[in-house]
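Here's the structure, in structure tokens; my notes come after.
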Amino acid sequence: KLQEKAVLQVVDRLKLCAHRCQYTPNQPLVEMKKAMRHLEEAFNKFINLIITREVKIVIGILENPVNDSPVVDAINMIINLGNEHSSQMYSIITKVGAIRSLISLAISSASMEVKLLSLRAISS
């Protein structure tokens, strides 16, 4: 909620700059560039928080497996995220403990499919 509010505040500041540009085109340009940079930073933080929250939910499925089907789906999701080849995504995946959970599954799961998918997810 807090990061969402920060993004909206920067958008409001940008709107104000754009409005001022109608009357004095040269003056607010620096301010608009600054606001755009702040918007990018705030939006990146917001997206990072959302993705982190969702990946934590997936990790919860891996750490508390009930049966193989949701675990396989969760591992496939991590594989797909890893295939994005994004340093931001790699950072999130490692920060929330996905690697530890995948190693644990690769070692302790009774299902060969889960073991193989866990190892594949680690490699992606």
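The values are calculated or read from the model by the stated rules, or taken from the named source; none is laboratory data. What you see is a predicted model, and the numbers here were worked out from it, not measured in a lab. The protein model used for the area step is the full one, side chains on, heavy atoms only, and it has no ligands, DNA or RNA in it. Shrake-Rupley method; radii C 1.70, N 1.55, O 1.52, S 1.80 Å.
Helix-derived [θ] at 222 nm for the chain: sum -39500 (n - 2.57) over DSSP H runs of at least 4, divide by residue count, nearest 500? Kindly include the intermediate steps, with their values, before the conclusion.
Working: 6 runs with 102 residues, N = 124.
Estimated from H runs of four or more residues: -27500 deg cm²/dmol.
Put the Cα centre of the stretch 31-47 next to the Cα centre of the stretch 1-20 and the gap is 9 Å. For HIS85, the accessible surface of its heavy atoms amounts to roughly 140 Å² (probe 1.4 Å, protein chains only, rounded to the nearest 10).
For the chain, the per residue solvent-accessible surface stands at 67 Å², with DNA, RNA and ligands left out and a 1.4 Å probe.
With a 1.4 Å probe and every protein chain kept in, tell me what percent of the accessible surface of the chain is carbon plus sulfur.
Details: 4860 of 8260 Å².
Taking all protein chains in place, the chain shows 59 percent carbon and sulfur surface.
Largest GNM mean-square fluctuation among LEU49, LEU29, LEU81, using the chain with Cα springs under 10 Å: LEU29.
Note on the chain: Rg/Rh from Cα positions, Kirkwood definition for Rh, rounded to two decimals, is 1.24. For the stretch 32-96, the square roots of the Cα gyration tensor eigenvalues, ordered a ≥ b ≥ c, give a/c of at least 1.5 with a/b greater than b/c, which places it in the prolate category.
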